[in-house]
Amino acid sequence: MTAFLARRMLQAIAVVILVTLIVFTLLELAPGPDRAAVVGTAAHSQFLVQYLSWLGQVLHGNLGVVSAGGESVAALLATSLPRTLILVGFSTLIALAVAIPAGIFQAARPSSVTGHGLRVLTYVFYSMPAFVLGSVLILFLGVGARWFGAEGPQYAGLGQVITDWRDLTLPVLTLALGTIAIFARYMRSAAADSLDEEYVEAARARGADERRVLLRHVLRNSLVPVVTLLGLSIPQILGGALVVESLFNFPGVGFQIWQAAQNHNVPVILGFTLVFGVGAAIGSLLADIAYALLDPRVRYARA
Amino acid sequence: MGSAAVAILVAMFAFCFLGPLVYHTDQVHVFFKFANLSPGAGHPLGTDADGDDELGRVMVGGQASLEVGIAAGLLAAFLGSLWGAASGYFGGVTDAVMMRIVDAGIAIPTIVVLLLIVTIYRPTEPVLVLVIAATSWLSTARLVRAEALALRTREYVQMVRVMGGASPRAVLRHIAPNALGTIAVNVSFQIGNAILILATLSYLGLGVQFPAVDWGNMIFSAVQTISSGYWWQIVSPGVAIMLVVVAFTMLGDALRDGLKSKSRGR
């Protein structure tokens, strides 16, 4: 286990360093003034010197300023990140609760009417971009039926944001439906694979009924990869959050990135990209460690 | 499932590229008199804010979506296959370095990198193809690398080495062609994905630029007046995107299932 952990940590460190390098290389593409806003006085020195001085600043929590003399990028991040976490947290929980049973059902009864129906629904939501789904929901449930607000919560306080279910429902639902489709596709194939395994055959041979086979053997064994799935889906979910936040005018991290892109504000996009990238790399590391804790086969096989 | 997917794709191609030859509409001029008409006689899918016919616009808009999506998807699959095949073939330190680069690239949400790049470069169709491919090849690289790792121990690849064949030749002539099944499946997913990414960029106002039209920027315009409830302006291009992406995803699934049962049969 220690060997596996050490190896995996080293890999994660390499990935994080590469993320900073990629982000910094992207900065090289930016026009002079934008670059100067991020690297400051080092703008005229060599690439490596610039990179190291920028990295030093970042490690001190200095991600640059939003505009000359204005708010710092780190402060903007501190106000917008909790909002994104609320949106992503709620929708991921809903997605897991729906997708796990839906995926297993599809694998167990692929040719039943419900199985076919779930399959079609999964395809539809998987292929529908978040902005189409979100605008359709706004059109019919927000503007049409007036059940929910057409805009995300606009309060300054996080407590008010969480309790404003009328405005929070549509953004959460939009992100959740897209995530359900991604997870359900994965669960279906994971469950289909474990249905082919020998332990399922063995359980059936011992006379276990189908319900017991599904709950005790298939569900348990397909839950382990869900941890990996969660870790690997972080970038995709954050990308979805960007679209949802811009559609619903919800001032989270994604919304700020979108605003920054429209105003050509390179320091903001760059700082936020870095945080997203490092966050996702750490998430994938944690997922791998959790996987190894849950499934001893992994740590013996890879270490 | 595969044949249904092909049928949808053929129909959508005919609709976008042959449709305008049969169903003539003026998508250039502005007709305020006819703005925002709901579906009815003369305009089966209604009109948009400029008074242009929605059905004709979905046809024309699909051309950009399909062209950029297919070009970017193919390019991404090609780049990813080369990277993955080389990484898996060489193994060792080269493989570790190449795959950590892929890990780092995957960690950063694609759409964010794209936003940064199109903020700096004016997005034209060729630029969009390049940047979408440059951010999507990573998943293909992972898949093909796994395949290459399995293939490099096969006798015929070992033979090339023993006979003193050059490495690039082994990668191009033996590894890549034998991973072709995996690659074909992936091309289908990559195209569907590229169409989604392009639509998302255009929807965010940073993809295909006015006066050019694609499905994403049609929805971008429609969302500006969403509180007026002109549902047809969102539903029409939305359904078009969905049909094409569903078809490419189903095609990929069908190819993968076919590949699986073939290798089991052996």
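Tabulated data for the structure shown
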read-out	value
Carbon and sulfur %, accessible surface of segment B:76-155 computed with the full protein complex present, 1.4 Å	68 percent
For residue B:45, distant residues with modelled amide H under 5 Å away	B:40, B:54, B:55
Nitroxide proxy distance, nm - points 7 Å out along Cα→Cβ at residue B:33 and residue B:11	3.5 nm
Spacing of the two label points (7 Å from each Cα toward its C-beta) at residue A:259 and residue B:97, in nm	4.2 nm
Once the Cα gyration tensor of chain B is diagonalised, semi-axes √(5λ) in Å	42, 20, 13
Under the Karplus curve 6.51 cos²θ - 1.76 cosθ + 1.60, θ = phi - 60°, whole-Hz ³J(HN,Hα) for segment A:282-295, x wherever Gly or Pro sits	5, x, 5, 5, 4, 4, 5, 5, 4, 4, 5, 5, 6, 10
Low-density loop cleavage sites - trypsin sites (Lys or Arg not before Pro) in segment A:196-254, where at most 16 other Cβ are within 10 Å (DSSP)	A:206
Residue range of chain A that is longest and free of GluC sites (Glu not before Pro) which are both DSSP loop and sparsely packed (at most 16 other C-beta within 10 Å)	A:198-303
Efficiency of FRET between residue B:122 and residue A:286 - r from beta-carbon atoms, R0 51 angstrom, step 0.05	0.80
Under 14 Å from the residue A:155 label point (7 Å along Cα→beta-carbon), backbone N, segment A:169-193	A:169
For segment B:184-207, residues shielded by at least 30 square angstrom of accessible area compared with the chain on its own, probe 1.4 Å	B:196, B:200, B:203, B:204, B:206
MRE, 222 nm, helices only [DSSP H, n ≥ 4, -39500 (n - 2.57), over chain B, to nearest 500]	-23500 deg cm²/dmol
Reference-scaled alpha-carbon Rg (2.2 N^0.38 Å with N residues) for segment A:161-297	1.39
Distance between modelled label sites at residue A:21 and residue B:24, nm, 7 Å Cα→Cβ extension	5.9 nm
Scattering curve values for segment B:19-92, log₁₀ I(q)/I(0), Debye with Cα scatterers, q = 0.17, 0.25 Å⁻¹	-0.70, -1.05
Lys/Arg +1, Asp/Glu -1 at C-beta; segment A:84-188 dipole; positive extreme among A:131, A:150, A:102	A:102
Chain A, helix-only ellipticity at 222 nm - DSSP H runs n ≥ 4, -39,500 (n - 2.57), divided by all residues, nearest 500	-25000 deg cm²/dmol
Chain A - convex hull of the alpha-carbon atoms, volume per residue in Å³	162 Å³
Longest exposed-site-free window of chain B, the sites being chymotrypsin sites (Phe, Trp or Tyr not before Pro) in a DSSP loop that have at most 14 other C-beta atoms within 10 Å	B:122-266
Cβ-Cβ FRET estimate between residue A:55 and residue A:295, R0 fixed at 30 Å, reported to 0.05	0.25
Dimensionless Rg over Rh [segment A:74-221; C-alpha; Kirkwood]	1.11
At least 10 Å² of accessible area lost relative to the chain alone, listed for segment A:247-261 with a 1.4 Å probe	A:247, A:257, A:258, A:261
Cα shape, the protein assembly as shown, gyration tensor, a/c 1.5 rule	rounded
Listing of segment B:108-124 residues, each with accessible area lower by at least 50 Å² in the full protein assembly than in the chain alone (probe 1.4 Å)	B:108, B:109, B:112, B:115, B:116, B:119, B:120
Net charge of neighbours whose Cβ lies under 14 Å from the Cβ of residue B:40, counting Lys and Arg as +1 and Asp and Glu as -1	-2
Loss of accessible area when B meets A, both sides summed, Å² nearest 100, probe 1.4 Å	4000 Å²
Accessible area per residue in Å² at 1.4 Å probe, computed on the protein assembly as shown	45 Å²
Fraction of accessible area attributable to carbon and sulfur, segment A:152-303 (%, probe 1.4 Å)	57 percent
For segment B:16-137: relative contact order, % (alpha-carbon pairs under 8 angstrom, 6 or more apart)	23 percent
Coil-residue trypsin sites (Lys or Arg not before Pro) of segment A:105-172, DSSP, other Cβ within 10 Å capped at 11	A:146
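The values are calculated or read from the model by the stated rules, or taken from the named source; none is laboratory data. Computed from a prediction, not measured in an experiment: that's the story for all the values here. When we count neighbours, we look across all protein chains shown, and the Cβ atoms used for this are built from the backbone with ideal geometry, even at glycine. Areas reflect the complete protein model, heavy atoms only, side chains present, ligands, DNA and RNA absent. Shrake-Rupley method; radii C 1.70, N 1.55, O 1.52, S 1.80 Å.
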